[in-house]
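Colleague: Below you will find the structure I want to go over with you.
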């Protein structure tokens, strides 16, 4: 079979179905990435959300029989929200990161990979495929880099010459032997803007991220947020775009290529106070389609409480007092206590003193004391 001709057909088809960029690489192991992952694990820099087996993450032959090549794809997503609402005193808003503005990218990218696999299957005999989007074994970034989609930036994102880093990534392993593409040369140069701008210093050096300090990771955790990060989260409800928005390669980059990627402003930049008592059902109905909902409502609610404290939003005191007194989850009650201390005022102080006398949970009591200290 003429695999070079088929490769050209695949590239043409990928453009037809709305894939922004496609690249091909071998099914060889990712040895450099393996060494990096081992080092990350030794340093305690992993988030814990990753696939646990480093061998499987870097050796395609362990997860697929005869991996002759890997096809990587990228879908460009918007960086600017149309009709974005403005938050103001009395109606503060939070923000989801750009990658979570539209329909869950796992769904969108997998759909394109399935279309692509179906097309290749119709052209080649005995083709086999394993599709992956983010939650698969392989490291999307390593595959995309080797396949020539873009280079791995100092902010640990794949940066494409055409679409900047605002791209979703996915890949498929196949037993079909396509010729590999050339990787793109690093174009970051001497620039360190992303490292300098990172709010928590999570980018410890070019290309190395301490996920435990990354706001994108922290917004997805479910417990009480460590003290040092609370003010730095700001009004972020899910994810963080700082190291992308500061990147010169993203300047002026904004592609609106798929209606499913467009933000619903009331979901991507929602009012904070209605989130405090949203039910599981309401949360699923409103936010269930976006990738930022995958951890459920608890992290989003905790982050909304922190954001109200960040804004020192007096109008939220009554709602936060209700959370402090009535929410069954200690982490949420405790976060409300801390935010009440940040906001301040007599009403907040009285509520904290009253709660201190009635609360039995040690975690919540600790946060109440922090809130009272903030009022001093």
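Colleague: Roughly how tilted is helix 105-123, in degrees to the nearest 10 and between 0 and 90, from the longest Cα axis of the chain?
Modeller: For 105-123 against the chain, the angle is about 10 degrees.
Colleague: Still on this structure, I have one more. With every atom except the alpha carbons ignored, what do you get for Rg and Dmax of the range 92-131, in angstroms?
Modeller: In Å, with Rg to one decimal and Dmax whole: 16.1, 57.
Colleague: A further question follows. Working from Cα positions, state the angle (0 to 90°, nearest 10) between the long axis of helix 330-343 and the longest principal axis of the chain.
Modeller: Value to nearest ten degrees: 70.
Colleague: Any chance you could run the full-extension gain for residue 49 through residue 15? It's 0.36 nm times the residue separation minus the Cα-Cα distance, nm to one decimal.
Modeller: Numbers: separation 34, 0.36 × 34 = 12.24 nm, distance 3.19 nm.
Here the segment from residue 49 to residue 15 would lengthen by 9.0 nm.
Colleague: By its C-alpha gyration tensor, with a ≥ b ≥ c as the square roots of the eigenvalues, how is the range 111-251 shaped: rounded for a/c under 1.5, else prolate for a/b larger than b/c, else oblate? Numbers along the way, then the final one.
Modeller: Numbers: a/c = 2.85, a/b = 1.75, b/c = 1.63.
The shape class here is prolate.
Colleague: Report the residue, chosen from 190, 145, 56, that carries the largest GNM mean-square fluctuation when the chain is represented by alpha-carbon nodes joined by springs under 10 Å.
Modeller: Comparing 190, 145, 56 in a Gaussian network model of the chain, the most mobile one is 190.
Colleague: I've got another one for you. Taking the chain as the reference, fit the longest principal axis to its C-alpha atoms, fit the long axis of helix 297-311 to the helix C-alpha atoms, and give the angle between the two in degrees, 0 to 90, nearest 10.
Modeller: Long axis of 297-311 versus the principal axis of the chain: about 60 degrees.
Colleague: Next up: For the range 37-108, rounded, prolate or oblate, judged on the Cα gyration tensor with a ≥ b ≥ c (square roots of eigenvalues), a/c < 1.5 rounded, else prolate if a/b > b/c?
Modeller: On the way: a/c = 4.18, a/b = 1.86, b/c = 2.24.
Note, shape of the range 37-108 comes out oblate.
Colleague: Could I ask something else about it? Mind checking which of 302, 329, 68 has the largest fluctuation in a GNM of the chain, springs on alpha carbons under 10 Å?
Modeller: Per the Cα network of the chain with a 10 Å cutoff, 329 tops the list.
Colleague: Let me ask another. Would you mind telling me the antiparallel percentage of the DSSP bridges in the chain, rounded to 5?
Modeller: Working: 25 of 27 bridges.
Of those bridges, close to 95 percent are antiparallel.
Colleague: While we're looking at this one, here's another question. Of 142, 307, 337, which has the largest mean-square fluctuation in a 10 Å C-alpha GNM of the chain?
Modeller: 142
Colleague: Under a point spin-label approximation (7 Å from Cα along Cα-to-Cβ), what is the residue 41-residue 190 distance to one decimal in nm?
Modeller: Roughly 3.9 nm, to one decimal.
Colleague: If you wrap a convex hull around the alpha carbons of the range 176-258, what volume per residue comes out, as a whole number of Å³?
Modeller: On the way: hull volume 16.4 nm³, N = 83.
Here the figure is 197 Å³ per residue.
Colleague: Moving to a separate point now. If the chain between residue 86 and residue 282 were fully stretched, how many nm would it gain, using 0.36 nm times the residue separation less the Cα-Cα distance? If you can, show how the numbers build up before the last one.
Modeller: Numbers: separation 196, 0.36 × 196 = 70.56 nm, distance 2.32 nm.
Between residue 86 and residue 282, full extension yields 68.2 nm more.
Colleague: Right, next: Helix-only estimate, please: 222 nm mean residue ellipticity of the chain, summing -39500 (n - 2.57) across DSSP H runs of length 4 or more and dividing by its residues, to the nearest 500. Intermediate values should be presented prior to the final figure.
Modeller: Details: 16 runs with 156 residues, N = 376.
Using -39500 (n - 2.57) per qualifying helix, the result is -12000 deg cm²/dmol.
Colleague: Normalising by the residue count of the chain, find the relative contact order in percent from Cα pairs under 8 Å and 6+ residues apart.
Modeller: Working: 696 pairs, mean separation 73.1, N = 376.
That works out to 19 percent.
Colleague: Test of understanding: express the Cα radius of gyration of the range 220-375 as a ratio to 2.2 N^0.38 Å, with N the residue count. If you can, show how the numbers build up before the last one.
Modeller: Numbers: Rg = 17.0 Å, N = 156, 2.2 N^0.38 = 15.0 Å.
It is 1.13.
Colleague: Multiply the residue gap between residue 361 and residue 228 by 0.36 nm, knock off their C-alpha separation, and tell me the result in nm, one decimal place.
Modeller: Values: separation 133, 0.36 × 133 = 47.88 nm, distance 2.23 nm.
45.6 nm is the gain from fully extending residue 361 to residue 228.
Only the coordinates and a few stated rules stand behind these numbers; no lab work does. Just so it is clear, the structure is predicted and the values come from calculations on it, not from any experiment. In this analysis, Cβ positions are derived from the backbone assuming ideal geometry, glycine residues included, and neighbour counts consider all displayed protein chains.
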